[in-house]
Structure formats: C-alpha cells, structure tokens
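*Asks:* I have a structure here, written as structure tokens, and I will follow up with some questions on it.
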Amino acid sequence: MEVTLNTRQDIPLRVAQPGEPDIAVLLVGRGSLYTRQPAEGLSNLARRLRSAYPEWLVEIALLEQGGPSLPQALDSCQRAGAGTIVVLPVFLPLEAATRNWLRFLARRWLERLPAPARILLAGPFDHPGSLADAAAESVSLALQSGAAVSAASGRAVAPDPDWSVIPPHAYHVLFCQGPRCTAAGAAEVGAYLRKRLKDAGLDHGPGHVLAARTGCLYPCNLGPVMVVYPEGTWYCGLDEDAVSRIVDRHFLNGETVSANAFRPSPYRQSFPNSQSTPPKSLGDE
Ligand code: FES
C-alpha cells in the first residue's frame, strides 16, 4: 500500500472522535454507459466488506460513466468523520495513467479542504495470493455448476429489434461521462438533463432530443461537456442551471445559450470568470 497525500504537512491530522469511523475504505470502479451493474457489483462488495469489518466505513465511487464520483465519495467519508481514507481501485489492470489520475483527484480534493485529511492510495488489486485465491474459487464454482455454454442451443436471447432503429429526432446530444467530466459532476448533471427532457416531453417522438452518454470528448478542463447536433454547439461548464436554460431555450425554442456555448478552436479556452485565459465563448463574439 502506498502512503500518500497529506498536502498540509504543517497542520496535524485530524483524529477520529468516539463514534466516528477511524478508517474509511473507498472502493473505486468503472461505470458503464448502459447499465447500473458496475455500481451494484461494487455495492455488493462494499456490503460484504462492511459485514467483515464493521468498524470500517465502506463507500463506493465510479471513475467514469456514473456516480458517485471520487470527490463526492471523499466528501461523504469526510462528513462521517473518518480519520483515514483508503482509496482502493478494484479493477484490473490498473494502468499508471489511471493511478496518476486517482492521485491527482485526491490531491485536488485535499487542497480544497479547510482541515487536513489522510488518504492512502491502495496498490493494484492483484497482490500475490489474494486474487489468485479468488480466481481459483470462481473457477471451482464454474466447474461445479456444469452450466456450459452450448452452441447447439442457439441464441440465448433474441436480438431486440429496437436495436436496428435510428429513431427520428430533432437534436442529438453527446453528453460526456468520461473520467474528468465525471469528477466535475457529469453523472448528476446528466441525470438532471434526462429528467428535464422527460419532464418537457422531449425524451420521445419525432421532435425529441436523442441524448447519448459518451466517453471523453477531449476538452476535459471545460467539463462537464456536451455537444448538440445538428448545430454542433459545444456546451461546457454545465450545471443544473445551465442545463435548464439549454432545455428551455435551445431544445424548446431553437436558440443557442451563449453563456455556456463554445466552438472548436486550436487555442485553449476557459470560462469567463477564469484568471488564466481570456474567454472565447460564443457569447463574447
Ligand atoms: S472527460 Fe469529458 S471531455 Fe474529457
């Protein structure tokens, strides 16, 4: 296990008080564009860990394609008063880039805390022995079940005919739920977008908004991000207020919402209140 990340070395770490968990374990997985199963699988694992180690607070987080995000889950641990938070990625392989991203997120979270906290970033989930034992147990269960896949029995599930349809629509939205947008709140903002579209009757029928969740769309620093076609308008820095304006003005009235609209450019772009780069949103032209 790698010890990391008390960025405030000058201030003593907070110690858990009676009744508060000393250790919080954060199981981090990857979500899915299509199903809640990754979050449910993580929740099952969390339940088993809690029953084996009742003194631990065990929470889950998704790196991308869903929530809660890592910063949100760290917030929960901190609100519960955990003295030490162990971040445990539970996917394989754990690439160096992903590990660096987890470290970066944890550092950024620590920097905005008013008081220091202690985070440990656990190593890859493939320590000799433990994972081999788990793999051997799974193999053994599969062998015992005898439930072999049989080519002779034909398709287990007939393909859904709907998956051959391109539904007529007025707007096509690509809503990013890649890792950086997820850390910036994309899961919650995306859920809010889907709710607003449903409430406005824009989730079905020929004039509807066909909203698709995607992986990284590239301008991560401007996230959460979505692109609206046929115009090709990039909406960046999304929150619930911005989404409401876009639903009311763009999808219902065909107007671009300038305050959040950006267009492709070879130059770095930023938000109007950012210190670093002059704003280059459509609304400034
Ligand atoms: S993660 Fe959304 S643009 Fe990269």
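Where a number appears in this text, it was derived from the coordinates with a stated rule and is not lab data. Keep in mind the model is a prediction, meaning the values are calculated, not measured. Heads up, the Cβs are rebuilt from the backbone with ideal geometry, glycines too, and the neighbour counts pull from every protein chain shown.
*Asks:* Give the percent of DSSP beta bridges with both residues in segment 166-284 that are antiparallel, rounded to the nearest 5.
*Replies:* Antiparallel: roughly 60 percent of the beta bridges in segment 166-284.
*Asks:* On to the next question. Each residue of segment 247-257 in order: what ³J(HN,Hα) in whole Hz does its phi give by Karplus 6.51 cos²θ - 1.76 cosθ + 1.60, θ = phi - 60°, with x for Gly and Pro?
*Replies:* With the stated coefficients, segment 247-257 comes to 4, 5, 9, 7, 6, 8, 10, x, 9, 6, 8 Hz.
*Asks:* From the phi angles alone, apply the Karplus equation (6.51, -1.76, 1.60; θ = phi - 60°) to segment 232-242 and give each ³J(HN,Hα) in whole Hz, x where the residue is Gly or Pro.
*Replies:* x, 7, 8, 9, 10, x, 6, 9, 5, 4, 5
*Asks:* Which FRET efficiency value, to the nearest 0.05, do you get for A200 and E40 by plugging their Cβ-Cβ distance into 1/(1 + (r/R0)^6) with R0 = 30 Å?
*Replies:* Step by step, r from the Cβ atoms, then E = 0.50.
*Asks:* Then there's this: If I take all pairs of Cα atoms in segment 166-284, what percentage of them are more than 22 Å from each other?
*Replies:* Working: 1980 of 7021 pairs.
Percentage above 22 Å: 28.
*Asks:* Now a separate question. For a footprinting-style exposure proxy, rank L42, L94 by other Cβ within 10 Å, fewest first.
*Replies:* Ascending Cβ contact count within 10 Å gives the list L94, L42.
*Asks:* Could I ask something else about it? Quick check on the exposure proxy: order R79, R213, R268 from fewest to most C-beta atoms within 10 angstrom.
*Replies:* R79, R268, R213
*Asks:* Could you sort 196-204, 170-178 so that the peptide with the highest average Cβ count within 10 Å comes first and the rest follow in order?
*Replies:* Averaged packing, sorted descending, gives the order 170-178, 196-204.
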